[in-house]
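Notes for the one structure printed next.
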């Protein structure tokens, strides 16, 4: 794949790709919902009908996986079979079933003098999406972008490049017959890292870049990009157990938030306990965590009730372990808990366990995170769980889109003003 | 003023300023509307009560104006008197009268399993606002930011620095007694250009930068900033006269859009005429423009009807004159007009004059601009005219905020999830 575009032609290739996307975006902006949904359904059909081709391409990626040093878990996520292709197709049909955000009237009013003003939802335009190696993401991202009226330039991970190519080939094959411009979905035809740098300079043609992957990639993109970026950092998520908490509920929420799935951004990484309940809550919670062999890194006060805990360092409070470790601190007050979370957390998802209404209000108002949970697991911060449908990621930004990014989060708006000859005095 | 902070201390000073703003922003986020409004009213009272001090400070700026090479018009905009201070105070009272966007529930639903989800509007946090020399902007921006729950770091132009300082002194003097943190509004205590660069690196403390001024400044800020930027470029606005247009209406709209105020971003810079009406519309429109001595730069077909026009060059189509010049082209179709606008325009404000419903729909759908006008002057793209209240600028971005930026455009949202012990399966 990487030989498709040679170094000297890279800049030209990237610009032509972006120009084609821009032209497609103008067509996409005014397409009927029916056309977009038809493409989604025909794409789903095509993926299933040609699953043999996709599986054959996937074999090439699997064969190359050891050379990329992929772990067994990563190789398993990379692997496609009939069932997984059917799931990818089902994902596209689910996007078709979601309401079309484009054309939605967000606001509207008539002004003195008779000007009629509508604020109407429109696509952003061209999305540059950089993502890791799971091939299902290729179809998901294409579906979400096109349904929201955007053209997308997909920059998939090299580990899945043949699978991604085979999937995009199917989406493109049905594009024109469905009424969608062919350049609505383009996969970058090179895995050369320099191509990312080229696209990041094209703020005249690309409206937003969405990087999904490790922190290093996201920071590189945020620094180099000349256009807006929607960032998806991992989460250093907290659970705070308040003085009025139901201890059983707290233990159950922490067990779920920490242990149900450890490598995800909405898993709990840090536990804060009000000093008044430390003696009862900590032993009960520790019992749950020990079942999963979670290493506990505790401050001095928490260690009093956790003989097997390791002493936490300052670094632990800011660490997202994404694995079987948790930091634990005792706090004197809800205010101290909130300050700790706003200082060390990553503004992703934080929870309080409490039966005190005022404490719940204080926590939800003052914790500066995309999602704040009361008596529920941090694991619920997810577009699907929230009922928002498919998502292209979970934004840790405050600007434009915060939390789950679905169809609406890939839109802008315009003001449409109708008059009958009005001029300004 | 510029000597208040010396070079070696600049980085420390800027970081301390931003840290104080960040701390204030957490307090501001949960302030009652009443407290914010009390501060706005008390600030208005203080400005009027101490107008002598403000006018004395303004005299220092006026005395320095020749050394900065200010034009007579710029000096007039800089000048403060009792009446203008009363107008600034009235602006703050108007902001107090606007609805508070913070706390607004944008969306809310209950999920299967009983999780109750609210999407609630919250402040962005800390705004870094860079602006030109008009001292009234200092009070306006402070009022808009604080009412929307944000702390603001004001970087005013050096030409008005004494006036701005005197105004901020009054706002700060009443802050604590009103219940607002003192660091909610801070004016950068140096006019050293390097200070801007320092602040632009602080994405950990500043949530958004809003530069207002020349294109060079905005481009510099967009390039250097490590946090999101809301950009306010000038507008290369078009009026397109369709085949079905009422010619009198078209002439009146173009006269208003071009001539009512020439140096503003929503003034018309380019005129497109459908070839079928060129012979009638162009002479009628030219009669209006000649009254204001507007130089017409026309393509070959338009020149046929405009003997006194200059031949337009390719450069003219992309130029924002901000003065008594207009470019004029004849087009074969509405599609050609739309392509011209999307290619050469600045996506700010564009208008069609037509009596054809389908043409109006095509134009408003396909023109990719913040505001699209039908049978109304481009001059109406303005937060006040739209009824949105005070604005901090008119965004030419698509991301986050497009068009007039008022209170709501300075907000984000958070998800608040209430459960009774739910865990994820």
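Structure notes:
- In segment B:2-20 there is no residue that is at pLDDT 95 or above, out of contact with any strand residue (DSSP E or B) (no Cβ under 8 Å at 6 or more places or on another chain), surrounded by 18 or more Cβ atoms within 10 Å (Cβ to Cβ) and within 30 Å of residue B:262 (Cβ to Cβ).
- Residue selection: residue A:95 fails the criterion of being surrounded by 15 or more Cβ atoms within 10 Å (Cβ to Cβ), more than 21 Å from residue A:408 (Cα to Cα) and within 22 Å of the chain's Cα centre (by Cα).
- Failed criterion for residue A:329 (all others in (1) more than 18 Å from residue B:106 (Cβ to Cβ); (2) within 13 Å of chain B (Cβ to nearest Cβ) hold): (2)
- Among (1) closer than 14 Å to residue B:392 by Cα; (2) more than 14 Å from chain A (Cβ to nearest Cβ) - the single one residue B:173 does not satisfy: (1)
- Residue B:324 meets all of the listed conditions (1) within 15 Å of the chain's Cα centre (by Cα); (2) more than 9 Å from chain A (Cβ to nearest Cβ) but one, namely (1).
- Among (1) in contact with a helix residue (DSSP H, G or I) (Cβ under 6 Å, 6 or more places away or on another chain); (2) facing another protein chain (nearest Cβ under 7 Å); (3) at pLDDT 95 or above, the one test that residue A:415 misses: (1)
- Counting the residues of segment A:22-46 that are away from chain B (no Cβ under 14 Å) and crowded, with 19+ Cβ neighbours inside 10 Å gives 8.
- Test: residue A:313 is surrounded by 19 or more Cβ atoms within 10 Å (Cβ to Cβ) and without any contact (Cβ under 8 Å) to a residue 60 or more places away in the chain: no
- Looking only at residues in segment A:338-359 that are more than 10 Å from chain B (Cβ to nearest Cβ) and within 21 Å of residue A:315 (Cα to Cα), the one that is surrounded by the most Cβ atoms within 10 Å (Cβ to Cβ) is A:350.
- Test for residue A:72: is it at pLDDT 95 or above and exposed (fewer than 15 other Cβ atoms within 10 Å of the Cβ): no
- Of the set (1) within 14 Å of chain B (Cβ to nearest Cβ); (2) out of contact with any strand residue (DSSP E or B) (no Cβ under 9 Å at 6 or more places or on another chain), all apply to residue A:134 but (1).
- Filter result (surrounded by fewer than 24 Cβ atoms within 10 Å (Cβ to Cβ) and either under 15 Å from residue A:235 (Cβ atoms) or at the interface with chain B (Cβ under 10 Å from one of its Cβ atoms) (or both)) within segment A:247-258: A:248, A:249, A:252, A:255
- Check on residue B:66, loosely packed, with under 15 Cβ neighbours inside 10 Å and either in contact with a helix residue (DSSP H, G or I) (Cβ under 6 Å, 6 or more places away or on another chain) or modelled with pLDDT under 95 (or both): yes
- Taken over segment A:292-303, the criterion of being touching a helix residue (DSSP H, G or I) at 6+ places or on another chain (Cβ under 8 Å) and farther than 17 Å from residue A:322 by Cα is satisfied by A:301, A:302.
- Check on residue A:235, at pLDDT below 95, away from chain B (no Cβ under 14 Å) and within 27 Å of residue A:345 (Cα to Cα): no
- Residue match in segment B:224-235 (condition: touching a residue at least 24 places away in the same chain (Cβ under 8 Å), in contact with a strand residue (DSSP E or B) (Cβ under 9 Å, 6 or more places away or on another chain), over 27 Å from residue B:184 (Cα atoms) and surrounded by 24 or more Cβ atoms within 10 Å (Cβ to Cβ)): yes
- Residue in segment A:107-127 that is farthest from the other protein chains (Cβ to nearest Cβ), counting only those that are exposed (fewer than 13 other Cβ atoms within 10 Å of the Cβ) and part of a strand (DSSP E or B): A:108
- Residue count for segment A:365-405, restricted to those that are under 14 Å from the mean Cα position of the chain (by Cα), more than 23 Å from residue A:218 (Cα to Cα) and either at the interface with another protein chain (Cβ under 7 Å from one of its Cβ atoms) or part of a helix (DSSP H, G or I) (or both): 4
- Matching helices (runs of 4 or more DSSP H) fully within segment A:130-216 where at least 1 residues are closer than 20 Å to residue A:227 by Cβ, in contact (Cβ under 8 Å) with a residue 60 or more places away in the chain and in contact with a helix residue (DSSP H, G or I) (Cβ under 7 Å, 6 or more places away or on another chain): A:135-147, A:193-200
- Any hit, segment B:177-189, residues being more than 17 Å from residue B:41 (Cβ to Cβ), over 21 Å from the mean Cα position of the chain (by Cα) and surrounded by 20 or more Cβ atoms within 10 Å (Cβ to Cβ): yes
- Conditions (1) more than 18 Å from the chain's Cα centre (by Cα); (2) at the interface with another protein chain (Cβ under 7 Å from one of its Cβ atoms); number of the one not met by residue B:362: (2)
The values are calculated or read from the model by the stated rules, or taken from the named source; none is laboratory data. Values in this document were obtained by computation on a predicted structure and should not be read as measured data. Using ideal geometry, Cβ is built from the backbone for each residue, glycine included, and neighbour counts are taken over all protein chains shown.
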